[in-house]
Amino acid sequence: MGWFSEMWRRVLMLVRRDRFRRDLEEEMQHHLALKAQALGADGMPEEEAHFAAQREFGNTLLLRKRGHDMWGWNSIEQIGQDLRYGLRTLANNPGFTIVATLTLALGIGANMAIFQLLNAIRLRSLPVENPQELVGLELADETGKRGDQASWYPALTNPLWEEIRDHQQVFSRVFAWATDDFPLTSAGEAHSARGLWVSGDFFRVLGVQPILGRVFTAADDHRGCGLQGAVVSYSFWQRELGGDKAAIGRRISIDYHPTEIIGVTPAGFFGMEVGHPYDVALPVCSVAVLGGESNFLDAGTIWVLTVMGRLKSGSTLKQAAEQLRVASPGI
């Protein structure tokens, strides 16, 4: 009976994913509120009590990921998504799919720090500039890898990403991103928004131009950046802000942190996951504010960032793979 109950619970999680995410978010906020209340009862000022409770509670990003892992069947859910998308692609263009699949088999296999390049089929359906030039980077050999895999996709740590960003010469440009659920508060009520952590050049490399305000630049993504601004999706702008053209400069509360809206992306840009549109994007560096002292910026064992590059003009995947094989030991 115990086995059956566990199986049934996980099936429910698959079909009621949004509800479980809301329940998890509400439970986390409840515990934070209780802790802050207890600290306030000891004489600590309200605002100081709130931030102290967050520090003691820990990294909310990892807690949400772990909660989802405990409640759900990530592997089956991901396999189902990949199978559905792969079958549609095969039906539409079987010849291309076969070639692309063979291309994906290209790997690099030397030294523990060498990466594998993937020309992911799903990237070709992204509403971005020249998606066929985008490739993903991942470890070719995960022997000895330890820590938390806080992403459904092949991921790297932030220290590895910073090394690639600062020293690679293989791609014309590179960027990184990770998904998360951002707790929003409005009118005293908390609800969850689909979030993106993005590197400063994320939108620039993808060729995504805002319809209002501006998007992030490399200058927005640096250590100690704080929580200076957020870029929101078109659907979020319509749903939460009523499509107000004066939304730029308005503030939304993300995990009780007032954050200014600096830009709105076009209706056609849904993010990096087909079927899972984003709501709010923040620079990677801002995780230091929302994640507190336990954020992933300096962690070498939290595998959370999906790293991608754009091939140089005239460069092939094979050439890029060989160049990256040579550069990998240094990284």
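The values are calculated or read from the model by the stated rules, or taken from the named source; none is laboratory data. Bear in mind the structure is a predicted one, so any value in this text is a computation, not a measurement. Neighbour counts are summed over all protein chains in view; Cβ atoms, including those assigned to glycine, are modelled from backbone coordinates with ideal geometry. These area figures cover heavy atoms from the full protein model, side chains too; ligands, DNA and RNA do not enter into them. Shrake-Rupley method; radii C 1.70, N 1.55, O 1.52, S 1.80 Å.
Some observations on this one:
- Among the residues of segment 301-331, those that are part of a loop (DSSP other than H, G, I, E, B) and either open to solvent by 60 Å² or more (accessible area, probe 1.4 Å) or not hydroxyl-bearing (Ser, Thr, Tyr) (or both) comprise 304, 312, 313, 314, 316, 329, 330, 331.
- Single residue of segment 162-192 satisfying the filter (of a type in the set (A, V, I, L, M) and either assigned to a helix (DSSP H, G or I) or in contact with a helix residue (DSSP H, G or I) (Cβ under 7 Å, 6 or more places away or on another chain) (or both)) that is surrounded by the most Cβ atoms within 10 Å (Cβ to Cβ): 176
- Annotation: of all residues in segment 136-158 being part of a loop (DSSP other than H, G, I, E, B) and within 18 Å of the chain's Cα centre (by Cα), the one that is surrounded by the fewest Cβ atoms within 10 Å (Cβ to Cβ) is 147.
- Residue 211 vs. criteria of a type in the set (Val, Ile, Thr) and open to solvent by 60 Å² or more (accessible area, probe 1.4 Å): yes
- Enumeration of residues in segment 26-47 that are open to solvent by 60 Å² or more (accessible area, probe 1.4 Å), free of Cβ contacts under 8 Å to residues at least 24 places away in the same chain and either within 20 Å of residue 183 (Cβ to Cβ) or of a type in the set (Phe, Trp, Tyr) (or both): 27, 30, 34, 35, 37, 46, 47
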